[in-house]
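In what follows, a structure is listed as structure tokens, so that the remarks can point back to it.
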Amino acid sequence: QVQLVESGGGLVQPGGSLRLSCAASGSIFRINTMGWYRQAPGKQREAVALINSGGGRNYADSVKGRFTISRDNVKNTMYLQMNSLKAEDTAVYYCNVILGFSAPVDYWGQGTQVTVSS
């Protein structure tokens with residue numbers, strides 16, 4: 001089994017920064033994709049930043065130039081550095097890992113709240 005635990009959310013003012021962490025445990029192998037999603041009330045969950053199986057990064061247009069996804073393979077931890085935060089970034093942020101390719105299995109963390117407000 002795989003467990004994902006997010007941390008680092010909180011309340012910040014517009015223009016501020018946060019770094020989210022996702023600590024993974026269990027049998028992490030054959031990573032298809034991994035990344036961060038977010039969901040605000042009344043909106044669909046959307047992909048924010050992804051790392052594909054080749055290590056490439058993809059970002060939602062709304063966060064390009066502001067967010068950076070990274071991972072530490074030694075610590076089995078994924079990060080999302082969020083800079084120049086806007087009110088529209090307010091959401092619950094979820095860590096996601098998809099393992100496997102022919103029969104992919106999807107894992108999610110519990111979510112961490114990010115609130116950008118003055």
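The table for this structure:
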{"quantity": "Computed over the chain, the ratio Rg/Rh where both radii use C-alpha atoms and Rh is Kirkwood", "calculated": "0.96"}
{"quantity": "Accessible area of the chain belonging to carbon and sulfur atoms, whole % at 1.4 Å probe", "calculated": "48 percent"}
{"quantity": "Neighbour cut-off at most 13 other Cβ (10 Å), DSSP loop, trypsin sites (Lys or Arg not before Pro), the range 1-57", "calculated": "R30, K43"}
{"quantity": "In Hz, Karplus ³J(HN,Hα) per residue of the range 103-118 (6.51, -1.76, 1.60; θ = phi - 60°; x = Gly, Pro)", "calculated": "9, x, 10, 9, 10, 10, x, 7, x, 9, 7, 10, 10, 10, 7, 8"}
{"quantity": "Radius of gyration and Dmax over the Cα atoms of the range 62-118, both given in Å", "calculated": "13.8, 46"}
{"quantity": "Per residue accessible area in Å² of the chain, where ligands, DNA and RNA are left out and the probe is 1.4 Å", "calculated": "53 Å²"}
{"quantity": "Neighbour-limited loop hits for chymotrypsin sites (Phe, Trp or Tyr not before Pro), the range 6-73 (at most 13 other Cβ within 10 Å; DSSP other than H, G, I, E, B)", "calculated": "F29"}
{"quantity": "Charged-residue dipole, Cβ positions (Lys, Arg, Asp, Glu), the range 42-118 about Cα centre, Debye nearest 20", "calculated": "120 debye"}
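The values are calculated or read from the model by the stated rules, or taken from the named source; none is laboratory data. Everything numeric in this text was worked out from a predicted model, so none of it was measured. Quick reminder, even Gly has a Cβ in these numbers, built from the backbone with ideal geometry, and neighbours come from all protein chains shown. Ligands, DNA and RNA are stripped out before the accessible areas are found, and what is left, the full protein with its side chains, is counted by its heavy atoms. Shrake-Rupley method; radii C 1.70, N 1.55, O 1.52, S 1.80 Å.
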